[in-house]
Amino acid sequence: MERVSSSKYLQLKPDEASLFDLIRILFSGNLGSKQFIECLRVKETAFERRGCIFLSVSVQKALHFISKPLSVLGSISEFCLNILASNQSLPTLFWRILQGKVVMPDKESANYLSAIGFIDPRVNSHKKFKPEEKTYIVALSAIASKVAYENKAFIRATVEDKWKMELLGEGAYDFWNEYHQTKSTQGFIFHDKTTSPDRIIVAFRGTEPFNSDDWSTDFDISWYEFQGMGKVHSGFMKALCLQKDESWPPNIAQDDQRPVAYYTIREKLRDFFQKNNRTKFILAGHSLGGALAVLFAAGLALHNESFILERLEAIYTFGQPRVGNAEFGYFMKEIFRNYGIGYYRFVYSHDIVPRLPLDNSTLLFKHFGTCVYYSSTYEGKIVSEEPYRNYFSLRSLISKRVDALWELVRSFLLPYLYGTEYKESLLLQALRLYGLLFPGMPAHGPPDYINAICLGDAALFVIAPK
């Protein structure tokens, strides 16, 4: 199979940009003359686009600068939450400190939770539905997308002990990012035999709150253009599979110590399907994980992997950012139509991430497919694009904060209305307070997506067009 390389690209290299370079980009349209910008067939650009490049590079440089402090802050925060949980309560912890009997949490154990896990500890919300119901697989995909944030031991204990399902291969993987030179992409693969047909679910992890590499991926507005497929977000491409020569080859020589997400998962699926002619599979992810789920399907199409595509039943993404331009959307819609693949993009209220990167004449990123949109009352509807598609709007300035206030009040009402399963943690309620200032951030978390699917109208994604 022919090697697929990018025919046009714009690649930002923030590590090589000085303060003077950043200022100069605002006054010069010749991108090729900038050492921190590598581009092919992209020379001149308007001031607005240069401003976006300036902002993207500046944020990435800032993230690189705070990388270690952010990581340390995250480790300390999660350790404090876990040591508190391991010792039941704050008074008990103090008493055990005095006794010298403090229970120390093990970071590699199944009991050690991430910040996401403390925000929402639920793992069994899908069990309220019968396996033959469409809502079951959607809810399981949403829960799996949240569980993907946890460590390997937690994932294994959840899948095997609580769900009574089977992990495939290593189960949970840390995938290599050639550009970050680290294992910064995560996901897991499991087999649900309770449904008919049985299904494999591939769940990609989203952006970790204290991982600067993940945030850098989100803010990188570089892109690559592949002939016949369109322009694709550079940061997501790098997280999934992109090689150093700006190519997406059909095959690479895999290093067992540096597994690449796209190739590793594809081969696991191929091996399984060669022994089984009935099983279907689902791609799922929250935030960045949703973007990777869409790109994984795009890779299968780009490399003519019909054998695997024929088994792909649906893609469910939650709070997914935009992945490519309009041409990419047309390419994917045609593939989904040809293979009968369902694609459902869930968006909750004022979540900022699905509204990024901006959909304008400068960045050209576009959403496509079925958007299942839920308001702050969990009332859902099918729309072509979520309201306030670029988030920043004077018209929504007040309504966003009214909704944020309602979400804070709602957090105290949910357990009384729907049961203790919907009781929100103190950490989530604290984030709701923060949402009064920045409404789009707390709205991005997995809890509201799980609530919307469990409490909303299931008919939405049962009858939604593919």
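The values are calculated or read from the model by the stated rules, or taken from the named source; none is laboratory data. Because the structure is a prediction, the values reported are computed rather than measured. Counting neighbours? That spans all protein chains shown, and the Cβs are built from the backbone with ideal geometry, glycine included. In case anyone asks, the SASA skips ligands and DNA or RNA and just uses the protein heavy atoms, side chains included. Shrake-Rupley method; radii C 1.70, N 1.55, O 1.52, S 1.80 Å.
Summary of computed values
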item: Whole-number percent relative contact order across the chain, with pairs defined as alpha carbons under 8 Å at least 6 apart; result: 14 percent
item: Gap separating the Cα centres of the stretch 413-461 and the stretch 51-119, nearest whole Å; result: 22 Å
item: Dipole magnitude of the stretch 275-348, debye to nearest 20 (Cβ charges: Lys/Arg +1, Asp/Glu -1, about Cα centre); result: 200 debye
item: Per-residue ³J(HN,Hα) for the stretch 430-443, Karplus 6.51 cos²θ - 1.76 cosθ + 1.60, θ = phi - 60°, Hz, x for Gly and Pro; result: 5, 5, 4, 4, 4, x, 5, 8, 10, x, x, 7, x, 5
item: Cα centre as origin, Lys/Arg/Asp/Glu Cβ charges: the chain dipole, Debye; result: 480 debye
item: Neighbour-limited loop hits for trypsin sites (Lys or Arg not before Pro), the stretch 148-209 (at most 10 other Cβ within 10 Å; DSSP other than H, G, I, E, B); result: Lys164
item: Amide H contacts of Leu168 (H built 1.01 Å from N, under 5 Å, at least 5 apart or other chain); result: Ile189, Phe190, His191
item: Three-way shape call for the stretch 331-410 based on the alpha-carbon gyration tensor, with the a/c threshold at 1.5; result: oblate
item: Other-chain or far-sequence residues with amide H under 5 Å of Ser222's (modelled H); result: Leu12, Ser234, Gly235
item: Percent antiparallel among DSSP beta bridges (both partners in the chain, rounded to 5); result: 60 percent
item: Within the accessible area of the chain (1.4 Å probe), percent carbon and sulfur; result: 58 percent
item: Hz values of 3J(HN,Hα) by residue in the stretch 109-122 - Karplus curve (6.51, -1.76, 1.60), Gly and Pro given as x; result: 8, 6, 8, 8, 9, 7, 4, 4, x, 6, 5, 8, x, 5
item: In the stretch 253-285, the trypsin sites (Lys or Arg not before Pro) that fall in loop regions by DSSP, at most 11 other Cβ within 10 Å; result: Lys275, Arg278
item: Ala62/Ile382 FRET efficiency (R0 56 Å; Cβ-Cβ; nearest 0.05); result: 0.90
item: Accessible solvent surface per residue of the chain, calculated while the other protein chains remain in place, 1.4 angstrom probe, Å²; result: 44 Å²
item: Dipole axis of the stretch 298-435 (+1 Lys, Arg; -1 Asp, Glu on Cβ), positive-most option in Ile341, Asn304, Tyr316; result: Tyr316
item: Tail weight of P(r) past 29 Å, computed on alpha-carbon pairs of the chain, percent; result: 48 percent
item: MRE, 222 nm, helices only [DSSP H, n ≥ 4, -39500 (n - 2.57), over the chain, to nearest 500]; result: -12000 deg cm²/dmol
item: With all protein chains modelled, accessible area of Leu242 [1.4 Å, Å²]; result: 0 Å²
item: Whether the stretch 90-247 is rounded, prolate or oblate, judged on the alpha carbon gyration tensor where a/c under 1.5 counts as rounded; result: oblate
item: Fully extended contour minus Cα-Cα distance, from Ser361 to Arg389, at 0.36 nm per residue; result: 8.7 nm
item: Cα-Cα over 24 Å, subset of Lys193/Lys275; Lys127/Lys152; Lys130/Lys152; Lys61/Lys333; Lys61/Lys238; Lys164/Lys275; result: Lys130/Lys152; Lys61/Lys333
item: Net dipole in debye of the stretch 309-406 [+1 Lys, Arg Cβ; -1 Asp, Glu Cβ; about Cα centre; nearest 20]; result: 220 debye
item: Solvent exposure, largest accessible area first (probe 1.4 Å, DNA, RNA and ligands not counted), of Glu379, Glu160; result: Glu379, Glu160
item: For the stretch 318-466: rounded, prolate or oblate by the Cα gyration tensor [a/c cutoff 1.5]; result: oblate
item: Segment Ile76-Lys183, extension gain: residue separation times 0.36 nm, minus the distance between their alpha carbons; result: 36.4 nm
item: Where GluC sites (Glu not before Pro) fall in DSSP loop in the stretch 50-149, at most 16 other Cβ within 10 Å; result: Glu108, Glu132, Glu133
item: Furthest towards positive pole of dipole, Leu240, Ala203, Trp215, structure part the stretch 186-247, Cβ charges; result: Ala203
item: Top positive-direction residue, dipole computed over the chain with Cβ charges, set Val123, Thr370, Ser396; result: Ser396
